[in-house]
1. Take Y60 and decide whether it is of a type in the set (F, W, Y), within 9 Å of the ligand (Cβ to nearest atom) and either farther than 18 Å from F144 by Cα or without any contact (Cβ under 8 Å) to a residue 40 or more places away in the chain (or both).
2. Kindly indicate whether K141 is basic (K, R), under 20 Å from A66 (Cβ atoms) and near the ligand (Cβ under 8 Å from one of its atoms).
3. Residues of region 123-133 being open to solvent by 50 Å² or more (accessible area, probe 1.4 Å) and either in contact with a Gly (Cβ under 6 Å, 6 or more places away or on another chain) or over 17 Å from K55 (Cβ atoms) (or both), which ones?
4. Looking at region 85-123 only, could you name the residues that are among the polar types (S, T, N, Q) and under 23 Å from P167 (Cα atoms)?
5. For the condition open to solvent by 60 Å² or more (accessible area, probe 1.4 Å) and among the aliphatic types (A, V, I, L, M), what is the one hit in L114, L170, L160, L147?
6. Report, by residue number, each residue of region 63-79 that is within 10 Å of the ligand (Cβ to nearest atom), aliphatic (A, V, I, L, M) and surrounded by 14 or more Cβ atoms within 10 Å (Cβ to Cβ).
7. G146 versus (1) within 11 Å of the ligand (Cβ to nearest atom); (2) outside any loop (DSSP other than H, G, I, E, B): which is the lone unmet condition?
8. Can L114 be described as assigned to a loop (DSSP other than H, G, I, E, B), closer than 22 Å to S148 by Cα and near the ligand (Cβ under 8 Å from one of its atoms)?
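The values are calculated or read from the model by the stated rules, or taken from the named source; none is laboratory data. Please read these numbers as outputs of a predicted model, since none were measured by experiment. Quick reminder, even Gly has a Cβ in these numbers, built from the backbone with ideal geometry, and neighbours come from all protein chains shown. Note: accessible area is taken over every heavy atom of the protein model, side chains too, but ligands, DNA and RNA are not part of it. Shrake-Rupley method; radii C 1.70, N 1.55, O 1.52, S 1.80 Å.
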Amino acid sequence: MNDRNNTIAGWVLFAGIVALGGSLVAGEVFKGERPETMGYPIEGVAAEAGAEAEKPIEFYLATADAAKGADVFKKCQACHTVDQGGPNGLGPNLWAAMGKPHGHVPGFAYSDALKSVPGVWDWKSMSEWLANPKKYAPGTKMTFAGLSNPQDRANVIAFLNSKSPAPLPLPAAPAEGVASTPGAAGDKAAAEADDAGAQKAENEPVLNEQQAAKGGIANVRGEGAPAVTAPGTTVPEKK
Ligand code: HEC
């Protein structure tokens, strides 16, 4: 009998050892890998990061082709002429616009939205404008979605630049590794995150004095608490 008990105990012990060994092996096999990027991807933020990957317009201008730009300009021809003395259409004539202030054709009924954007048409501002007119001048009359392809933009800007009595020399390509707008998208993301934080704090329940007092006068008048009786009120003694 005793022998038998020993055998049983032996098997139980053995089973325990096997289970322990098994769990060690399983632990090795199914190691928890630390993900490369922590957290959950949030849509929109990723898109922002993608937009940031675009190089400065000077990079595309260095290899811009005005002839190809003339082709891109077909998208603009519904509203614009570009030759000297050409008529205004829905949009102003674009002869010699580069280097001029916004709204360079006297007498054309520009929107206040565009006229109130400070600065002149240089490489960068023209690129931003053509990428997304509504973003550049919210409320603009130019109902054109924009050219998302930076090389298309560079080509059409080179074309516009050539339509001038004194075309500006195309800029040289910027040195590799120089970011055009350091952290522009990052800053925006950070600002959004701040926003979210502020909202969260707003929604956080905060006990006000009345709510705190609802816990009973006993809460307020705990041991060692100062007397909080307002003049003219009688507070029942704590029992
Ligand atoms: C649907 C019509 C339309 C199309 C298409 C269009 N534009 Fe315009 N564009 C306008 C209007 C209208 C304005 C005036 C905007 C304002 O006053 O807000 C304008 C203004 C401009 C200006 C500012 C000119 C100045 O005197 O300051 C430039 C530059 C320009 N467009 C370039 C282009 C280019 C390049 C394209 C094609 C890639 C294009 N536009 C496509 C209607 C158009």
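1. Here the answer is no, as Y60 does not meet what is asked.
2. Against the criterion (basic (K, R), under 20 Å from A66 (Cβ atoms) and near the ligand (Cβ under 8 Å from one of its atoms)), K141 does not qualify.
3. N132
4. Correct list: N88, N93.
5. Going through L114, L170, L160, L147 in turn, the sole match is L170.
6. The answer is V72, and nothing else.
7. (2)
8. No, not satisfied.
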